[in-house]
Amino acid sequence: MRIVVTGGAGFLGSHLCDALIGRDDSVVCVDNLSTGRISNIEHLLHHPRFEFVSADVSTELPVTGHVDTVAHLASPASPPDYHRMPLETLAVGSRGTEHGLMLARRAGARFVLASTSEVYGDPLVHPQPEDYWGNVNPVGPRSIYDEAKRFAEALTSAYRSALGVNTGILRIFNTYGPRMRPHDGRVVTSFIAQALNGDPLTVYGDGSQTRSFCYVDDLVRGIVAMIDSTEQGPVNLGNPSERTVADLAELVFQLTGAERTVEYHPLPADDPTRRRPVITRAQKVLGWSPVITDRDGLTRTVQYFRERPEEVLAAREALIGGQLDGTAVLEHRAAEGVTAA
Ligand code: NAD
Ligand code: UDP
């Protein structure tokens, strides 16, 4: 198959490119490198079945010829990234998604959308099944991401119902692993980098909020299964092993051997209090379940960061003092005269 992966130089996208190349597909990776890195795909650049196209998919998706599937992963995903790029995030969820859908329609290809558990907002139903509609603040600080993805889901659904495009929607829950940037601000990378640098772990709020963390290899198997199916979704993909942020900090202390010091920061506005996927649909329609435990996945991720001490050290300044937390971003934006919430 010839598969277009938008956002293919990012964390998840680059692992997806590897998996597809590994099973003899041809891959066209389209990325503007806004949050991705060429180093994530460097090993693929000279592969005969791999092509890299540098483009902003909100403006254009310059791919010609036969295409079997468009996997649309392009979008900032880390809260500090989307706070930094609010308009770009809304653009790639709306115009970027439509460019992907138009390409799929022209080529008679399948379109797979990487949506998110953020469409459930701060959920009032727990755990979250796909038929829960969510609890999202449409003008809050996270709305740039949440509503972009909700619009992307609506647009994808309309291309299926009105234009007959073969579409599939995945709702991805917190995923982590090698190739994440140590300074990207997400909790797993922040905690590991802080621990390895000997700095306190920055816990937002009292650490009682929960997430369910999925290791990247498991997640990518699910995306590939969705590419291969005709399932329209939405389908949740995530690991239902829910834990508190405080508990994650404890696990990181155990795996790194770092001194147990924690620095508490205010909880960012609209930070979801709990999150856990119901994955019975993924099990049924995709035959998918995660198999990698948090302990195993985190051990592999710690090892990846240990092998890159300079990169981890370079992230130090961004990670200390809570410069990446939502509060700091909100204060910064308020100082510019922008009311974010
Ligand atoms: P990432 O930031 O590592 O990757 C996103 C990639 O998209 C980057 O390479 C970036 O340069 C590229 N990109 C962004 N805007 C673009 C544009 N306009 N044109 C072209 N390329 C663009 O993030 P990730 O964690 O790999 O996330 C990938 C996708 O999966 C995103 O759509 C995200 O919303 C979704 N997702 C991820 C998670 C997670 O926990 N990792 C959870 C839910 C959903
Ligand atoms: N978080 C934290 N310390 C950090 C970064 C994040 O306590 O240094 C918290 C954050 O407030 C949230 C959870 O960890 O409750 C997951 O945050 P992340 O940004 O990884 O993902 P998301 O909020 O998008 O699920």
* Structure fact -> Here, Glu317 and Leu33, labelled 7 Å along Cα→Cβ, have an inter-label distance in nm of 2.1
* Structure fact -> Volume per residue (Å³) of the convex hull spanned by the alpha carbons of the chain is 124
* Given a cut-off of under 8 Å on Cα pairs at least six residues apart, what relative contact order in percent is computed for the stretch 1-45? -> 48
* Asked: Taking Cα centroids, how far is the stretch 228-268 from the stretch 135-167 in Å?
  -> 25
* Model label zone, Val125; criterion: amide N under 20 Å from point 7 Å along Cα-to-beta-carbon; scope the stretch 265-308 -> 272-286
* Which length gain, in nm to one decimal place, applies between Thr64 and Asp228 when the Cα-Cα distance is subtracted from 0.36 nm times their residue separation? -> 56.9 nm
* Asked: GNM on the chain, C-alpha springs below 10 Å: top fluctuator among Pro129, Pro138, Pro200?
  -> Pro138
* Structure fact -> Put in order of increasing Cβ neighbours within 10 Å, starting from the fewest, Ile320, Ile223 give Ile320, Ile223
* Mean ellipticity per residue at 222 nm, deg cm²/dmol - from DSSP H runs of n ≥ 4 across the chain, formula -39500 (n - 2.57) -> -11000 deg cm²/dmol
* Calculate the spin-label point distance for Glu259 paired with His46, positioning each point 7 Å from the Cα along the beta-carbon direction, and give it in nanometres. => 4.6
* To do: Counting other beta carbons within 10 Å of each Cβ, put Asp146, Asp56 in order, fewest first.
  => Asp56, Asp146
* Structure fact -> Across Leu196, Leu313, Leu237, the residue with the highest GNM fluctuation in the chain (Cα network, 10 Å cutoff) is Leu313
* Structure fact -> With +1 on the Cβ of every Lys and Arg and -1 on the Cβ of every Asp and Glu, the dipole magnitude of the stretch 1-145 about its Cα centre, in debye rounded to the nearest 20, is 200
* Label point 7 Å out from Leu87 along Cα-to-Cβ: which residues of the stretch 124-143 have amide N under 20 Å? -> 139-143
* To do: Compare Thr189, Thr256, Thr156 in a GNM of the chain, Cα atoms joined below 10 Å, and give the one with the largest fluctuation.
  => Thr256
* Asked: How many nm is it between the label spots at Arg308 and Met102, if each spot is 7 Å from the Cα in line with the beta carbon?
  -> 3.4
* **Dipole magnitude of the chain about its Cα centre (Cβ charges: Lys, Arg +1; Asp, Glu -1), debye to nearest 20** => 740
* Cα-centred dipole magnitude for the stretch 83-190, charges only on beta-carbon of K, R (+1) and D, E (-1), debye, nearest 20 -> 440
* Please order Met102, Met226 by the number of other Cβ within 10 Å, starting at the fewest. => Met102, Met226
* Which percent of Cα-Cα pairs in the stretch 26-161 sits in each 10 Å bin, short to long? -> 12, 39, 33, 14, 2
* Translational D in µm²/s for the stretch 171-317 (Stokes-Einstein at 10 °C, 1.306 mPa s, Kirkwood Rh from C-alpha pairs) -> 99
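Throughout, read-outs are computed from the coordinates displayed, never taken from laboratory work. No experiment lies behind these values; they were computed from the predicted model shown. Note that we place each Cβ from the backbone using ideal geometry, even for glycine, and neighbour counts take in every protein chain shown.
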